[in-house]
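As structure tokens, the structure follows; a few thoughts come after it.
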Amino acid sequence: MRRTPLLLLFIGLVFVTTANAQGIIPNPKKQELRPGVFQLMNGTVLTYATADCKEAAVLLRQQIQMYQGISLVLQEKPSPNTPFIRLEQGVSKKHAERYRINITPDQVLIQGASKAGLINGISSFVQMANLKSEGLAEAHSVRIDDEPAFAWRGMHLDVCRHFFSKDEVKRYIDYLALYKMNVFHWHLTDDQGWRIEIKKYPLLTGVGGYRKETIVGRQSDTARFDGIRYGGFYTQDEVREVVAYAASRNITVVPEIEMPGHALAALAAYPAFSCNGGPIEVGTKWGVFDDVYCPGKDSTFLFLQDILDEVCSLFPSTYIHIGGDECVKNRWKQCARCQARMKAQGLKNEEELQSYFVQRIERYLNGKGRQMIGWDEILEGGLAPNAAVMSWRGTSGGIAAAKLKHKVIMTPGKPCYFDHYQDRDRLKEPLAIGGFNPLDSVYSYHPLPKELSTKEQRYILGAQGNVWTEYMPDFKEVEYMSLPRMAALSEVLWTPDKKKNYGDFLVRLRYHTVLLDRIGAMYAKHFLQK
Ligand code: ACM
Ligand code: ZN
């Protein structure tokens, strides 16, 4: 009698250890452990059912090579009497991102409702393959049936304040893929740099891609500049490469082309599209600036439409982000053309002029079959009829937009700004812009505001983590600020509430350090000190 509880305790411990060894983040909707393990080693066969499955198989092989250092062999058919991995379609298509995994000692079967589902299954499987020794990994027998709670699981990256190479951007996309994030919001233009080649306007990158120097330290404490020219940009070929790399990992790249504010870099190159004609310099410090696009001139819109033509040809994304945030209106107040536009259009104030600007751009994008998305300032002066709203100044913009039946992405500063500190003691941390968004506050975030009815909540497509890089000159700092907060956000966006548990997440995250260390990622380690 006395031995039974001890035995149960022992079985419980083994179960907990192996369950944790699964280590899947975000935690799947349903999983059931079984006895036994599947062994992966160099030469383990990977088979596939269709051409789509073959593409996914190529990805799985690449991922197992990257995270476990094991070379799988791609074959159309398994070899007799040999354990193998198989990818096939065959789950009901109700949810395109759904996947199932069935692991036994003889076979790993990954089934997806679509290619997206298969790719999600691959991310889980890669996380389950525990490296036992060099060249040998084991995946515990398990049945998983899984699909995401939210459709928009986003991560943003500002490449304007600091520039990151194409290969660094691809590494960032690797992290998104590991955590099944499916939107990469690429912030490509801002005051301090224009980062995307536009063939029709070569000065955008030739002039706007470079600033003469950069402010040193925290802006509020210093007015010292480093005197070093800084910049860079992506060619259109590089952009295509990044978009394809992301697409093969079930990630849509949403480009952001900022307007009407945050436009110094563009206006340094083409000052004719400002109110007073310049001259204007590419920004060398952070914040907001008076010089913005002039909506009094039709030529400004033609210029932006040309740019959007090229952008749309590079990015298949339904959504095109046009910024819309933090537009200072001082120049508009003094500009005869802007005032004439307001009079002609019957606009009462400069907020309505901004709304006119955004609506005109929306009409153009809609005409090209695209949807416009912007920061929550696009609500001011009247929301464009079809626009989606990214709520960053808290959640009130998102709530207002959802009530107006507009699609919303939640990205409130608290806790979705990953440029904020991760430790209460700032002296222990690299210099950051401010704030405090530790891992547990990201984990406990709920994107659906209580202020909305169930019906209104359907307009909330999901949420996003934002990585503004004023204080991240190196990609290693981007990694440190993104990881593991991105992992916590992935669980917020994927896992049903009843399956969420912060303690359990931390145990799985500890296991993830093996994967992150293997690829040399720089992640914040506060959770290991608990
Ligand atoms: C923003 O952080 N200005 C959207
Ligand atoms: Zn003007």
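Out of all the residues in region 325-338, which are touching a residue at least 60 places away in the same chain (Cβ under 8 Å), more than 12 Å from ligand 1 (Cβ to nearest atom) and closer than 22 Å to residue 194 by Cβ?
If the condition is that a residue be touching a residue at least 60 places away in the same chain (Cβ under 8 Å), more than 12 Å from ligand 1 (Cβ to nearest atom) and closer than 22 Å to residue 194 by Cβ, then 328 is the only one that fits.
Please go through region 289-306 and pick out each residue that is crowded, with 18+ Cβ neighbours inside 10 Å and free of Cβ contacts under 8 Å to residues at least 40 places away in the same chain.
300
Give all pairs with beta carbons closer than 7 Å in which a residue from region 259-288 that is touching a residue at least 24 places away in the same chain (Cβ under 8 Å) and aromatic (Phe, Trp, Tyr) meets a residue that is within 16 Å of ligand 2 (Cβ to nearest atom) and not in a helix (DSSP H, G or I); count only pairs at least 6 apart in sequence or on separate chains.
As it stands, the answer is 273/293; 273/294; 273/297, since those pairs meet every condition given.
For residue 373, state whether it is at pLDDT 95 or above, of a type outside the set (Asp, Glu) and outside any helix (DSSP H, G or I).
Criteria met by residue 373.
Across region 32-69, what is the total count of residues that are hydrophobic (A, V, I, L, M, F, W, C) and in contact with an Asp or Glu (Cβ under 9 Å, 6 or more places away or on another chain)?
6
Restricting attention to region 126-160, report how many residues are closer than 19 Å to residue 499 by Cβ and outside any strand (DSSP E or B).
7
Return the residue satisfying two criteria in turn: it lies in region 271-286 and is in contact with an Asp or Glu (Cβ under 7 Å, 6 or more places away or on another chain) and in a loop (DSSP other than H, G, I, E, B), and of such residues it is surrounded by the most Cβ atoms within 10 Å (Cβ to Cβ).
Taking the candidates together, the pick is 283.
Which of the residues belonging to region 229-256 are surrounded by fewer than 21 Cβ atoms within 10 Å (Cβ to Cβ), out of contact with any Ser or Thr (no Cβ under 9 Å at 6 or more places or on another chain) and part of a loop (DSSP other than H, G, I, E, B)?
229, 248
Can you tell me which residue within region 309-324, out of those that are surrounded by fewer than 17 Cβ atoms within 10 Å (Cβ to Cβ) and assigned to a loop (DSSP other than H, G, I, E, B), is farthest from ligand 1 (Cβ to nearest atom)?
Selected residue: 316.
Can you pull out every residue in region 131-184 that is acidic (Asp, Glu) and either touching a His at 6+ places or on another chain (Cβ under 8 Å) or closer than 23 Å to residue 483 by Cα (or both)?
147, 158, 167, 168, 174
Would you tally the residues in region 314-352 being farther than 18 Å from residue 373 by Cα and either within 14 Å of ligand 2 (Cβ to nearest atom) or in contact with a strand residue (DSSP E or B) (Cβ under 7 Å, 6 or more places away or on another chain) (or both)?
Adding up the residues that qualify gives 20.
The values are calculated or read from the model by the stated rules, or taken from the named source; none is laboratory data. Just so you know, these numbers come straight off a predicted model, no measurement behind them. Cβ: placed from backbone, ideal geometry, glycine included. Neighbour counts: every protein chain shown.
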